[in-house]
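The numbers here are math on the coordinates, done by the rules we state, and not lab data. If you're wondering where the values come from, they're calculated on a predicted model, not measured in any experiment. Counting neighbours? That spans all protein chains shown, and the Cβs are built from the backbone with ideal geometry, glycine included.
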Amino acid sequence: MRILAIDPGTTASGVCLYETSTTGRGSVRLAIGKAPNGDVLRWLRAGCAGGDPEASWDHVAIERFVSHGTIGGDSVLTILWTGRFQEAARAGLCHCFLQPTGGKKRVTLVKRLAVLHHLGIKGNAKGKDGLVIDRCCDMFGGPPRRAAQGLSKSPGPLYGVAGHAWQALGIALTVAAYAGPMRDADADSGAAR
């Protein structure tokens, strides 16, 4: 299964295309730390990134905004983009190049707390970006981060992952882990089985 995970932002979003594997850990096919939201919308509508059939997916996972008190203008913009992404993904999944594996194509909204729980991070959802990066690296050969990312001469499995793509990778790993039993309600409630 290929999962396109999105960490929405006000003008740009973190994007990660993650492919699961039945023989072990999956692989990152594409990682963009700061993709312009207009580009992400076009990709979602087309069902692939940049018109490349190799960069297509059969599941879209978008981080769902959760309020921790009063919200400001940037939060409202992020919420609007989340809705636009969700709508475009539902339309774009009709045009994907890949056929779904084991069920229909889906769009899932995932609370950040569900990601943190899946990665074994305790506490509330605020200020945990560094811990998400550390746990993602641990799952792919770290620590340290260099072991998982590698260098240009010898790239590791997470080579090229940067910026908000780390958070998108955490979303993808969470959805991949619960793809069979996870329902949208589970992702929305923050439950991790």
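Could you pull out every residue, at least 5 positions away or on a different chain, whose amide H is within less than 5 Å of the one on ARG29? Hs are placed 1.01 Å off N in the peptide plane, and Pro or chain starts have none.
LEU17, TYR18, GLU19
Within the set of other residues whose C-beta is less than 10 Å from the C-beta of LEU41, count the net charge using Lys and Arg as +1 and Asp and Glu as -1. Kindly include the intermediate steps, with their values, before the conclusion.
Values: positive: ARG42, ARG45, ARG84; negative: ASP39, GLU87.
My count for the surroundings of LEU41 gives +1.
Just the Cα atoms of region 1-44, one point each, no solvent: what log10 I(q)/I(0) does Debye give at q = 0.31 Å⁻¹?
Summing over Cα pairs of region 1-44 leads to -1.07.
Applying a 10 Å radius around every beta-carbon, put 64-76, 23-35 in order of their mean neighbour count, most first. Each step should come with its number before you reach the end.
Details: 64-76: 10.8, 23-35: 16.8.
Final packing ranking: 23-35, 64-76.
Hey, can you grab everything whose amide H is under 5 Å from the amide H of ILE62? Only 5+ residues off in sequence or another chain; H modelled, so Pro and N-termini drop out.
ILE6, THR108, LEU109, VAL110
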